[in-house]
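S.K.: Take this structure first; my questions come after.
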Amino acid sequence: MKIKKVFVLFAVIISSFVFASAQVAKTAPLSQRLADTLMNRIWTDDGTPPGIPRNWTYEQGVQLKAVEQMWYATGDPKYFNFIKSGMDFWYDKDGNLTKYDLDEYNIDHVTPGRALLTLYRVTNDQKYKKSAELIRSQLKTHPRTKEGGFWHKNIYPWQMWLDGLYMGQPFYAEYSMVWNEDNWNDIANQFVWMEKHARDPKTGLLYHGWDESKEQQWANKTTGLSPHVWGRAMGWYAIALVDVLDYFPKNHPRRAELVAILNREAEAIAKYQDKKSGVWYDIIDLPTREKNYLESSASAMFVYALAKGVRQGVLPEKYLQTVNRGWTGIQKEFIKETADGNLDWHGTVSVSGLGGKPYRDGSFDYYMSEKIRINDAKGLGPAVMAAVEMEALAKNRIGAGKVVMLDDYFNHEVRKDGSVWHYKWEEKNHPGFYALGEQFKSYGATLDTLSVAPTKESLKNASVYIIVDPDTEKETEKPNYISETDAANIADWVKSGGVLLMLGNDLGNAEFDNWNKLAGKFGIEFNKDNKLLVKNDVYEQGRVNVPEGNMIFKNARELYLKEISTQKLSGNAKPLVTWNGDVVMSTVKHGKGAVFALGDPWLYNEYVDGRKMNGLFQNHQAAQELSGWLLTQSKKK
């Protein structure tokens, strides 16, 4: 089936997004209003549905990654549906990816593969895996410099551009994490080599491109560098770093090198921020030169990268001053409201490259000759990303410096292929805890996993410890049951200031005797029952309404729970949520710490990311509020 034949179908699908959000309310967060423009008001003249370009392009990869961040920030399934429709547009009737040409060896064409990885991780649909593997295969044979750096394109031999680090490395890193490929040295080297060749030691700024052969007209015959520091190129490099760090193993020795590179670039970015406007010039280090101008895509990328770096804990908080000044400037300089209440994004340079036909010589006059656009994906995408980060910052960073530890000792289910699954941070499909993890991260917390028994030593860095549905013999051949020693160690940790989240399960899916050894330390006993039975997806049977005045769920009033065990309380344990007279959720103050208990895994992706019940309940809001409460009760270790 040719793409033209499926146009009508996708036009109907995409138009539903336009109709559903013809105009996001002016009171909506800025991220949502900008995302509405990004999804509905670009590529409208391409002969494709709104929000879909005419060709396979990195710009769509940037767009869909921003939309994904909106999905996890809001739990609104329209964002996931948009990602899926945007990628499905490129498949023929046999499930083969069209428009992507591996033989071009264009590093730009790797970027949309990030959306394919998301779709595979969420849906387990093999067509997305097949396509991701195809794009991965490009990197196996992509031409490289003598050191091993990826050429920007086959038509640009021996050249590395800053842009190319974003185009290829985040996909490469995520693919490596998902399929456990040890490519981390190769990934780190791309950044190391790029900085080694492109960084000006006097200013800390990075030049746009480097030609190893020194044959290009634009290349300095001694250094091979292009003549100027282009803002967006440095922006691509910065956001590549923070995005790769999402996947790069925390215990890998090369991670520190990437963090150091990010800190050096952050210092230069802050130094060259325009003091008057708070944003950045197209050619960063020539602010007073005639024709130079304030450029929006670079400014959004810098704000996103610095804000995210602070949230990740890899940049110092001093950069929040730069971030806040930049975001204020962005809103003043580049975001304009239209007469009909939509938002336009101004000030994005259409493109800036080196070489090619017609030849681009890298001169200042060349950069100034490129057109400036309104609502360009290369600016809007990073603008949405920056807005999401700024709205996370508004949560007052209550998780900064805190570690949320997820148990992998009592709950350790292993598939036949040896992979561990079920309620894990990195799982994006229904059984995973990815969406919940994103809530903790939005408050500035970091995530970790504990695969050994809980002891004073193993819990010493944890502020919050989560135990979910400990294994039974039906699930694991030799489960690690909670012992009296384990229960005592955890109780002591809570007493000294730790915060424990206990998420059990119902009769028939849980082990109670050992689980209650731990619960009993806090005056809780999980009943061997099964309440809130839901048959045939009649979701209303799982409705639990929360009255006003709840100390945790201040806005989440309509919750969905399915097949839970109820609780019997004593001592200091207090009911938090009840249903038909039964205790569903409880809290306990224990020494300096606290406990939240529920007889259900509850906040896994299936009931948080919005896809299954399409907004019928407020579980995503509940995940936000519960994670915020847990972090507020905890302390830094």
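S.K.: Can you tell me what percent of all Cα-Cα pairs in the stretch 333-423 are more than 18 Å apart?
M.R.: Looking at the stretch 333-423, the distances longer than 18 Å represent 70 percent of pairs.
S.K.: Please get the size of the charge dipole for the chain, origin at its Cα centre, with Cβ charges of +1 on Lys and Arg and -1 on Asp and Glu, quoted in debye to the nearest 20.
M.R.: Dipole about the Cα centre, nearest 20: 1120 debye.
S.K.: If we count every other residue with Cβ under 12 angstrom of Leu205's Cβ, Lys/Arg +1 and Asp/Glu -1, where does the sum land?
M.R.: Around Leu205, the charge tally is -1.
S.K.: Identify the chymotrypsin sites (Phe, Trp or Tyr not before Pro) of the stretch 331-393 meeting these criteria: DSSP loop state and at most 16 other C-beta atoms within 10 Å of the C-beta.
M.R.: Of the chymotrypsin sites (Phe, Trp or Tyr not before Pro), the ones in loops of the stretch 331-393 whose Cβ has at most 16 other Cβ atoms within 10 Å are Tyr359.
S.K.: Give me the extension gain from Phe364 to Tyr539: residue separation times 0.36 nm, minus the current Cα-Cα distance, reported in nm with one decimal.
M.R.: Full-extension gain reported as 56.9 nm.
S.K.: Starting from the Cα of Glu317, step 7 Å along the direction of its Cβ; do the same at Asn263; then give the gap between the two resulting points in nm.
M.R.: Here the modelled spin labels are 1.7 nm apart.
S.K.: What distance in nm separates the two pseudo spin-label positions at Glu426 and Leu102, each 7 Å out from Cα along the beta-carbon direction?
M.R.: For Glu426 paired with Leu102, the spin-label model returns 2.4 nm.
S.K.: When the chain is fully extended, how far beyond the present Cα-Cα distance does Thr338 get from Ala488, taking 0.36 nm per residue of separation?
M.R.: 47.9 nm
S.K.: Compute the Cα gyration tensor for the stretch 513-637, then decide on rounded, prolate or oblate, letting a ≥ b ≥ c be the square roots of its eigenvalues: rounded whenever a/c is under 1.5, prolate when a/b is larger than b/c in the other cases, and oblate in all that remain.
M.R.: Since a/c reaches 1.5 but b/c is at least a/b, the shape of the stretch 513-637 is classed as oblate.
S.K.: For the stretch 114-251, give the percent of accessible area contributed by carbon and sulfur heavy atoms, probe 1.4 Å, rounded to a whole number.
M.R.: Carbon and sulfur: 46 percent of the exposed surface of the stretch 114-251.
S.K.: Test of understanding: extend the Cα→C-beta vector of Asp182 to 7 Å, then name every residue of the stretch 241-279 with backbone N under 20 Å from that spot.
M.R.: Counting only backbone N, you get 247-258.
S.K.: Name the shape class, rounded, prolate or oblate, that the alpha-carbon gyration tensor gives for the stretch 454-502, where a ≥ b ≥ c are the square roots of its eigenvalues, rounded holds for a/c under 1.5, and otherwise prolate holds if a/b is larger than b/c and oblate otherwise.
M.R.: prolate
S.K.: Let me ask something additional. Report the net charge of residues surrounding Ala188, where surrounding means a beta-carbon distance below 9 angstrom and charges are Lys +1, Arg +1, Asp -1, Glu -1.
M.R.: In short, 0.
S.K.: Share of the stretch 563-637's accessible area from carbon and sulfur, percent, 1.4 Å?
M.R.: In the stretch 563-637, the share of accessible area belonging to carbon and sulfur is 44 percent.
S.K.: Can you give me the accessible area per residue for the chain, using a 1.4 Å probe, in Å²?
M.R.: Value returned for the chain: 39 Å² of accessible area per residue.
S.K.: A further question follows. Estimate the FRET efficiency between Leu134 and Lys592 by the formula 1/(1 + (r/R0)^6), using the beta-carbon distance for r and 35 Å for R0, to the nearest 0.05. Don't skip to the end; give the middle numbers.
M.R.: Values: r = 54 Å, r/R0 = 1.53.
For R0 = 35 Å, the calculated efficiency reads 0.05.
S.K.: Suppose R0 equals 51 Å; then what is the FRET efficiency for Glu391 and Glu290 from their Cβ-Cβ distance, rounded to the nearest 0.05?
M.R.: The calculated FRET efficiency here is 0.85.
S.K.: Considering only DSSP beta bridges where both residues belong to the stretch 362-465, give the percentage that are antiparallel (nearest 5).
M.R.: 20 percent
S.K.: Based on the alpha-carbon gyration tensor of the stretch 215-289 and its eigenvalue square roots a ≥ b ≥ c, which shape applies: rounded if a/c is under 1.5, prolate if not and a/b is larger than b/c, or oblate?
M.R.: Oblate, since a/c reaches 1.5 and b/c is not below a/b.
S.K.: Go ahead and run the numbers for FRET between Arg54 and Gln217, Cβ-Cβ distance against an R0 of 25 Å, rounding to 0.05.
M.R.: Plugging the Cβ-Cβ distance into 1/(1 + (r/R0)^6) gives 0.20.
S.K.: Here is a follow-up. May I ask you to rank Glu563, Glu317, Glu525, Glu477 by accessible area, largest first, using a 1.4 Å probe over the protein chains only? Mind dumping the intermediate values first?
M.R.: Details: Glu563 55, Glu317 105, Glu525 80, Glu477 160 Å².
Ranked list, largest accessible area first: Glu477, Glu317, Glu525, Glu563.
S.K.: So, one more: Using helices alone, what [θ] at 222 nm do you get for the chain, with -39,500 (n - 2.57) per DSSP H run of 4 or more residues, divided over all residues and rounded to the nearest 500?
M.R.: So the helix-based figure for the chain works out to -12500 deg cm²/dmol.
S.K.: Over the Cα atoms of the stretch 490-561, Rg to Rh with Kirkwood Rh, two decimal places?
M.R.: 1.04
S.K.: The stretch 263-312: which GluC sites (Glu not before Pro) are DSSP loop and have at most 15 other beta-carbon atoms within 10 angstrom?
M.R.: On the way: sites: Glu265, Glu267, Glu290, Glu295; in loops: Glu290, Glu295.
Loop-located and lightly packed - Glu290.
S.K.: Given 0.36 nm per residue, what is the gain on full extension from Lys528 to Thr455 after removing their alpha carbon distance, in nm?
M.R.: Going from the current span to full extension adds 23.5 nm.
S.K.: Asn550 label point, 7 Å along Cα→Cβ, cut-off 15 Å on backbone N: hits in the stretch 623-637?
M.R.: 623-630
S.K.: Hey, another quick one. Among DSSP beta bridges lying fully in the chain, give the percent that are antiparallel, nearest 5.
M.R.: Among the beta bridges of the chain, antiparallel pairing accounts for roughly 70 percent.
S.K.: For the stretch 90-248, what is the relative contact order in percent, using Cα pairs closer than 8 Å and at least 6 residues apart in sequence?
M.R.: 21 percent
S.K.: Around Thr338, what is the net charge, scoring Lys/Arg as +1 and Asp/Glu as -1 over all other residues with Cβ under 12 Å from its Cβ?
M.R.: Summing Lys and Arg as +1 and Asp and Glu as -1 gives 0.
S.K.: Same structure, new question: Probe radius 1.4 Å, ligands and nucleic acids left out: which of Ser369, Ser565 has the largest accessible area, and how do the rest follow?
M.R.: Result, largest first: Ser369, Ser565.
S.K.: Separate question: With an 8 Å Cα cut-off and a minimum separation of 6 or more residues, compute the relative contact order for the chain in percent. Could you put the intermediate results ahead of the total?
M.R.: Numbers: 1257 pairs, mean separation 72.0, N = 637.
Relative contact order of the chain: 11 percent.
S.K.: If you project the alpha carbons of the chain onto their three principal axes, what span does each projection cover, largest first, in Å?
M.R.: So the extents along the principal axes, rounded to whole Å, are 78, 53, 49.
The values are calculated or read from the model by the stated rules, or taken from the named source; none is laboratory data. The structure presented is a predicted model; accordingly, all values stated were derived computationally and were not measured. In this analysis, Cβ positions are derived from the backbone assuming ideal geometry, glycine residues included, and neighbour counts consider all displayed protein chains. Side chains included, ligands, DNA and RNA excluded: accessible areas come from the protein's heavy atoms. Shrake-Rupley method; radii C 1.70, N 1.55, O 1.52, S 1.80 Å.
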